[in-house]
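What follows is one structure encoded as structure tokens, with my remarks underneath.
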Amino acid sequence: MHTRSWVFIFCAVQSACLGERGPFTNRMANSGTSYLSRAARQPVHWQPWGRDAFALAAKLDRPVLLYIGSDACRWCAETDREIYTDREIGALINALFVPIRVDRDERPDVAQRYQAAVERLAGLHGWPLTVFLTADGSPFFGGTYFPADDPITGRGLKQLLPEVAKSYRDQRAFILQQAAALQQLVLTGSGESRGALRPSLVQQGIVAVTRELDDAIRTHAAAGSVMHVEATALLLSGDTRARASAVRALDLMLDTAVGTAGEDPPRLVRAALAGTLAKAWAVTGEPRYRESGRALVRSLVTELSPDEAVFVDQEAYVIEHVMVAAATLGEPAVASRARTALDALLQRTYARGWGVRHATVAPAAGVTTPQGMLQDQVQVASACLAAHQLSNERRYLDVVLDLVAIVERGYADPLGGYYDVVPTDASPSSQPALGDRTKHVFDDVLPGANAATALLLAHLAQVTGDPSYRRRAQATLEAFAGAMSGAGVRASTFLAATRETLEIP
């Protein structure tokens, strides 16, 4: 009773202070994605990601509550339904924090940065993310899903929110020091990322992926993520034990995908599954894989609409997997339609010498179109390389060579690897953490951007016969080789790229 009384007294004081400085309101109504705009009626005064929100936090002397989710995340929908419609929680947040809401798919660079922070803070990986930040964007506390109320453990938001706000007020110097140290650790890694690229690294990685995939099969956790499907594809090319694990995982995924006990897996997962089914049919000759894969690509190709707003990295990933799987499984008409979708995507988002942007939605009049992220350039280039190999049309290879040159020019780190975004002209002096660029290699919603870049370069070396692309692939992988231990299934694309680069059978 005493704690609850303290909470409401503290909220009243904070609300009064806010009234003196001017109110802020929920700003999701004009958001660019359906995921964000649906939160416009929630009682939380959500702000869009950007300098204005952090400037508001500095002005009000409050911490930031950052929430990151997406349409394809089941727990995100659950959180919105059960937590952010709760008026008591909304009042607590509005009185104690500046709340910022981010669509993971719209800003994967932001999502990946703070996911890495939550892994460091709490050892957790998953979605949604709930992270508490200082006014310059540095994280100091966070996790994934928090329940609304948990008085026994104190881990419910109704318990955590006032405690976090009180700590921020009373222990500011310590929090700022720890947040700065964590931010630096997220940006630079442990200092042990670089390593030698050897065949033994792949062998050890395959063992780790097999072990983790077996665990995921037992708990049925392997059924609904791109990284588990990519792990399955990797193991199909492994030894007998690895292949047996892959087949068990694939059978579980198929049963889940065609079952009636829930929603279909997200489109990205179904696209990855189509590619893996095609590979499984080629490896095993099992008719079930061919027929299931054919049904899946026929369904997926109908979802490739040239008129809908999409995120380019995700759309290119789906197009490539549908195109290659359809060609492998004997569906030439589907492969042709996927290639037509790729042409439409290039027409809407690509400019020679400039690259692709992240979303197909054109910016408002007078607004400069931002250049896409590393993931966008690489996924489009990978789809174009596949289209070139299937059609032998030179125009697709020309796009690949242009995008690879753009990646090298705009995203490369002289110390190794590639940044997720190009540098911006905006000065980060007032909110330094917002100006940070990071590099990602582990698989998640999509294959890790640096691993996918290395795999693209290795494939390009094969297609063109130019060994300089293989050297660049190896240098990229060496920049992260020391961080692979313990990565498990999230290292699947890295391991596939290493196998291709070192030409391991």
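Only the coordinates and a few stated rules stand behind these numbers; no lab work does. Remember, it's a predicted structure, so these values are computed and weren't measured experimentally. All Cβ positions, glycine included, derive from the backbone under ideal geometry; neighbour counts span all protein chains shown.
A few comments on the model shown:
- Across q = 0.10, 0.14 Å⁻¹, the range 2-188 modelled as identical point scatterers on its alpha-carbon atoms has Debye log10 I(q)/I(0) values of -0.36, -0.74, in the order of the q list.
- Shape class of the range 17-100 from the alpha-carbon gyration tensor: prolate, with a/c at 1.5 or above and a/b greater than b/c.
- Each peptide in 59-67, 224-232, 463-471 gets a packing score, the mean of other Cβ atoms within 10 Å over its residues, and the list from highest to lowest is 224-232, 59-67, 463-471.
- Theoretical FRET efficiency, 1/(1+(r/R0)^6), r = Cβ-Cβ of Arg218 and Ser485, R0 30 Å, to 0.05: 0.85
- Cβ-placed point charges (K, R +1; D, E -1), dipole of the range 2-188 about Cα centre in debye, nearest 20: 280
- Computed magnitude of the charge dipole of the chain (debye, nearest 20; Cβ of K, R +1, Cβ of D, E -1): 340
- Pairwise label distance in nanometres, Ala173 with Glu503, each label 7 Å out on the Cα-Cβ vector: 6.2
- Cα gyration tensor shape for the range 123-277, rounded if a/c is under 1.5, else prolate or oblate: oblate
- The C-alpha atoms of the chain define a longest principal axis, and helix 199-218 lies at about 60 degrees to it.
- Local charge for His125 was computed over the other residues whose Cβ lies under 10 Å away, with Lys and Arg +1 and Asp and Glu -1, and equals -1.
- Degrees, to the nearest 10: 51-60 long Cα axis against longest axis of the chain: 20
- Packing around the peptides 109-121, 437-449, taken as the average count of other Cβ atoms within 10 Å per residue, puts them in this order, highest first: 437-449, 109-121.
- Rounded to the nearest 500, the helix-only mean residue ellipticity at 222 nm of the chain stands at -18500 deg cm²/dmol, with each DSSP H run of n ≥ 4 adding -39,500 (n - 2.57).
- Folded to 0 to 90 degrees: helix 172-188 orientation relative to the chain principal axis, Cα: 10
- In terms of packing, defined here as the mean over residues of other Cβ atoms within 10 angstrom, the peptides 326-339, 281-294, 157-170 line up highest first as 326-339, 157-170, 281-294.
- Cross-link partners of Lys166 among lysines (Cα-Cα below 27 Å; sequence separation of 8 or more within a chain): Lys59, Lys158
- Efficiency of FRET between Ala295 and Ala180 - r from beta-carbon atoms, R0 60 angstrom, step 0.05: 0.70
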